[in-house]
Amino acid sequence: LAHLEQAVAAGYQRALAVDRSNLDASVGVAEVHAMSGKAFREAGDVAAASTHFAAAAAGYERIFADQELWREFGGCADRSDFLYNAACACALAGRPSEARQALEMCLSFGLVTQEEIVKEEDLRCCL
């Protein structure tokens, strides 16, 4: 877990200090929090996992709410992946309504199927 925290502190946060609208760094922070949450969950530290899942969900939502950042995403595949990851983070953070909203948008791109969503353990609360 230390290497994930270093990635946030040393890499992504420094990039964001220089440019608050750095899309890669913003997504990276959210992804690292999601990975950290899963690692803490597996280690049995529910409180730390919850904190990281909440931070991941907030990070994804911040990006989506910023129209300038959202426009920087490439094509449908990038946006679909982002929305799928955001849905997982929201679900794991105990926010099924936001997760369902992200999934609906993700499905609209046609790159993820309902069958794939049903198989995703992280999204069980959304079914």
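The values are calculated or read from the model by the stated rules, or taken from the named source; none is laboratory data. Please read all numbers here as calculations on a predicted model, not as lab measurements. Cβ atoms come from the backbone with ideal geometry, glycine included; neighbour counts cover every protein chain shown. Each accessible area value is taken on the protein alone, full model and side chains, heavy atoms only, with ligands, DNA and RNA left out. Shrake-Rupley method; radii C 1.70, N 1.55, O 1.52, S 1.80 Å.
Overview of results
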item	result
Subset of the range 24-60 (residues that are within 10 Å of the chain's Cα centre (by Cα), modelled with pLDDT under 95 and either more than 17 Å from TYR12 (Cα to Cα) or among the β-branched types (Val, Ile, Thr) (or both))	VAL27, VAL29, VAL32
So ALA91, is it at pLDDT 95 or above and within 24 Å of LEU23 (Cβ to Cβ)	yes
Pairs with Cβ under 7 Å, 6+ apart, first in the range 11-24 and without any contact (Cβ under 8 Å) to a residue 60 or more places away in the chain, second among the hydroxyl-bearing types (Ser, Thr, Tyr)	LEU16/SER26
Residue that is assigned to a helix (DSSP H, G or I), within 27 Å of CYS106 (Cα to Cα) and open to solvent by less than 20 Å² (accessible area, probe 1.4 Å), where the choices are ALA58, ALA30	ALA30
Residue within the range 62-74 that is of a type in the set (A, V, I, L, M) and modelled with pLDDT under 90 present	yes
Residues located in the range 68-127, provided they are under 12 Å from the mean Cα position of the chain (by Cα) and open to solvent by 80 Å² or more (accessible area, probe 1.4 Å)	ASP81
